[in-house]
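The values are calculated or read from the model by the stated rules, or taken from the named source; none is laboratory data. Given the structure is predicted, the values throughout are model-derived calculations rather than measurements. So basically every Cβ, Gly included, is an ideal-geometry build from the backbone, and we count neighbours across all protein chains shown.
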Amino acid sequence: MDPSRDLLTKQNNSFSGIVSYRPVVAATFFVDYAFWKENPLGHHFTNIALHFVVTVLVFYFMLYLTAIRGIAFLTASFFAVHPIQSEVVNFIGYRSDILMTLFYLTGILAYLRYNAVEKKGKWLIVACLSYFCALFSKETALTFPFVVLIIDRFFLNQKNTRKTIDIIRNKVWIYVMLGLITLFYMYVYFVLMPNAFYPQFTPRAQIGIAKFVLMLKIFTAYVSVLILPFKVTVLPPLYAPPIFPLYPMELFVPVCVTLLSAALGFYFYRRNKLITFGLVWFYIQYVLVSGFVPLLNPLAFRFLYLPSIGFFLLVAIAVKAIAAWLNRKNDASNISALFQATLIGLLMALTIANNAFFKNNFVACQEMLRRYPDSSRPSWILGHDYYRAGNYEEAAKYLRMHLKVAINNPFISGDKEKFMTYHLLGRLVEDPDVAIGYLEKARDLSPGLAIIYLDLSKNYITKKDYPTALAYARQALKFDSGLSSAYVYMIHIYIESGDLVQARAILTQAVQMFGNNINLRAVEKYLNQKEQAK
């Protein structure tokens, strides 16, 4: 990764734009491409299959913890069909959360098996390898050693040891191995393959009151969609809720939910450790995506994929309790089953409806604009997609709309987006004066990019301002001597200016450099006509 290179340069395809080093995820994309090439059906099938496997692992994990098949089934069912999973399953590129969770749960189950059998060696190896793969799927797997310690304390502490240090001492080599894997990963992440994007930007909401407010708003958004699944929709990429205004509910919800969680966790610590474990699981997994650690994409429902397991365990326990109460109050023995089936069916219906928003960029972005009018990113995506589709009028419309909305992501400078927008508008509009205005704004944002000067030259040719057009063509060659189009423009300018000798000299030089390509042949034909006419 070379962040100094602009996305529009010729070297664009020579490096990866990935934010973090996740080779396990990349490997699955390579395998998918080997089988499916650019057919999205196969790539989507892989995501769905992986989500199914994770759901099965959730079931067995809950079955081990609870020993109650009904609670395990409900937890896995809610996890499988809740609408918040639409984002992570439908977007092929968000596979990292699914793979990380798959290896994470595999490691936990292997560790539980390690403690249950006499021949332990192979299960310890599986647990460590799974943790290794989970880390190199996504960095949020760093919570794994802490969860192992919590499982040791909650479920495997046969000696009823109260001191955490004693638990670690009894299994010191296991924690040493997990620690070494963690240190190796940190070395790769921060030294060998450092994140190339964070150092470029100066986060405006990374410190002080703004960071705290953003964390409150993100927590409120996540809690609301978990409890009220009909509020789930497709989120704009690189979206952060506006820092201000801060509404009372956005302060009330995080404070009350956190205090209530702490109170319940303390109350049920001795009475029902499953409830306490579900709360602890959610908050431990959530802390890394809460905004406490700055994220390029502050708000995304896929971040709840792993934390939500704890939440769904709590919901399953509550639903089972309600179902038991309904059975006691009613003679019909199937009332509780009907109640549980209705909840699962409702979630499925909401998810199916939500999946429709992920049909393509056009549908998704229209929904983003409807739900999040303060986000500039959907307009930007629509502008580029309409441009690629050849609908230049719609492209210009959405690109202008993009410029009217403030860049609301607190961790990314809007200069690159604005540059690309100005540049594309400079190519779309037919009026050369308007186009030049956009292109000059793009040039001010990225003064070293040759293509901008080339486009300026083209518009000045349209205006028949040949001296200015020639100056810009030469400026383009100054930044990139390999632009054959710049030579074509210069030849055309000299022809229109009446200097056919200089035009012929530039043509000869260009043919020597680039060969007789189609553009040079076309301008040579035009030059021959002018020479014959003279």
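If you scan the range 455-510, which residues turn out to be under 21 Å from Lys441 (Cβ atoms) and either of a type in the set (Phe, Trp, Tyr) or touching a Phe, Trp or Tyr at 6+ places or on another chain (Cβ under 6 Å) (or both)? Write out each step before concluding.
If we filter the range 455-510 for residues that are under 21 Å from Lys441 (Cβ atoms), which is where we start, we get 455-463, 465, 468-469, 471-473, 475-476, 478-480.
Residues satisfying the conditions are Leu456, Ser457, Tyr460, Thr468, Ala469, Tyr472, Ala473, Gln475, Ala476, Phe479.
Of the candidates Ala389, Ala349, the single residue that is of a type in the set (Gly, Ala, Ser), under 28 Å from Ile92 (Cβ atoms) and at pLDDT 95 or above is Ala349. Residues that are farther than 28 Å from Ala349 by Cβ, surrounded by 19 or more Cβ atoms within 10 Å (Cβ to Cβ), in contact with a Gly (Cβ under 8 Å, 6 or more places away or on another chain) and outside the structural domain of Arg371 (by TED's automatic domain parsing): does the range 213-220 have at least one? Yes, the range 213-220 contains a residue that is farther than 28 Å from Ala349 by Cβ, surrounded by 19 or more Cβ atoms within 10 Å (Cβ to Cβ), in contact with a Gly (Cβ under 8 Å, 6 or more places away or on another chain) and outside the structural domain of Arg371 (by TED's automatic domain parsing). Being more than 20 Å from Ser497 (Cα to Cα), in a helix (DSSP H, G or I) and over 34 Å from the mean Cα position of the chain (by Cα) holds for only one residue in Lys458, Lys441, Lys478, and it is Lys478.
Are there helices (runs of 4 or more DSSP H) fully within the range 114-197 with at least 3 residues that are surrounded by 18 or more Cβ atoms within 10 Å (Cβ to Cβ) and either without any contact (Cβ under 8 Å) to a residue 60 or more places away in the chain or in contact with a helix residue (DSSP H, G or I) (Cβ under 9 Å, 6 or more places away or on another chain) (or both)? List them.
Details: elements: 121-135, 144-154, 164-170, 172-187.
Passing ranges, in order: 121-135, 144-154, 172-187.
I'd like to know if the range 379-390 contains one or more residues that are under 30 Å from Leu142 (Cα atoms) and buried (at least 16 other Cβ atoms within 10 Å of the Cβ). Checked the range 379-390: no residue is under 30 Å from Leu142 (Cα atoms) and buried (at least 16 other Cβ atoms within 10 Å of the Cβ).
Go through the residues of the range 337-351 one by one and say whether even a single one is among the β-branched types (Val, Ile, Thr) and farther than 22 Å from Ile84 by Cβ.
no
When Phe411 is tested against (1) hydrophobic (A, V, I, L, M, F, W, C); (2) more than 14 Å from Ser86 (Cβ to Cβ); (3) modelled with pLDDT of 90 or more, exactly one condition is not met: (3). Each residue in the range 481-510 was checked for being of a type in the set (Asp, Glu) and part of a helix (DSSP H, G or I), and 1 of them qualify.
Within the range 255-289, restricting attention to residues that are touching a helix residue (DSSP H, G or I) at 6+ places or on another chain (Cβ under 6 Å) and hydroxyl-bearing (Ser, Thr, Tyr), the residue that is nearest to Ala240 (Cα to Cα) is Ser261. Only one entry of Ala476, Ala522 meets the criterion of being crowded, with 17+ Cβ neighbours inside 10 Å, out of contact with any Lys or Arg (no Cβ under 7 Å at 6 or more places or on another chain) and either hydrophobic (A, V, I, L, M, F, W, C) or outside the structural domain of Pro432 (by TED's automatic domain parsing) (or both), and that entry is Ala476. Kindly evaluate Gly383 against the criterion of being free of Cβ contacts under 8 Å to residues at least 60 places away in the same chain, in contact with a Leu (Cβ under 7 Å, 6 or more places away or on another chain), among the small types (Gly, Ala, Ser) and at negative phi. So Gly383 passes the test. Contact map, the range 343-369: first residue free of Cβ contacts under 8 Å to residues at least 12 places away in the same chain, second residue of a type in the set (D, E, K, R) and in a helix (DSSP H, G or I), Cβ cut-off under 7 Å, separation 6 or more or different chains; the map is empty.
Condition check ((1) at pLDDT 95 or above; (2) assigned by TED's automatic domain parsing to the domain that holds Asn354; (3) surrounded by 19 or more Cβ atoms within 10 Å (Cβ to Cβ)) across all residues:
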{"position": "Ser4", "(1), (2), (3)": "no, no, no"}
{"position": "Ser16", "(1), (2), (3)": "no, yes, no"}
{"position": "Arg22", "(1), (2), (3)": "no, yes, yes"}
{"position": "Phe29", "(1), (2), (3)": "no, yes, no"}
{"position": "Pro40", "(1), (2), (3)": "no, yes, no"}
{"position": "Phe61", "(1), (2), (3)": "yes, yes, yes"}
{"position": "Ile84", "(1), (2), (3)": "yes, yes, yes"}
{"position": "Thr101", "(1), (2), (3)": "yes, yes, yes"}
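Of all residues assigned to the range 295-313, none qualifies as being among the hydrophobic types (A, V, I, L, M, F, W, C), modelled with pLDDT of 95 or more and exposed (fewer than 14 other Cβ atoms within 10 Å of the Cβ).
How many residues are under 30 Å from Arg113 (Cβ atoms) and among the small types (Gly, Ala, Ser) if we restrict to the range 33-68? Explain how you work it out, then say what you get.
Filtering the range 33-68 down to residues under 30 Å from Arg113 (Cβ atoms) leaves 45-68.
Cutting the leftovers down to among the small types (Gly, Ala, Ser) gives us 49, 67.
Of the residues in that region, 2 qualify.
Residues that are more than 30 Å from Thr75 (Cα to Cα), part of a loop (DSSP other than H, G, I, E, B) and not assigned by TED's automatic domain parsing to the domain that holds Pro241: does the range 396-406 have at least one? Yes, that holds for at least one residue. Every listed requirement among (1) within 28 Å of Arg377 (Cβ to Cβ); (2) in the same structural domain as Ser376 (by TED's automatic domain parsing) is met by Leu456 save one, (2).
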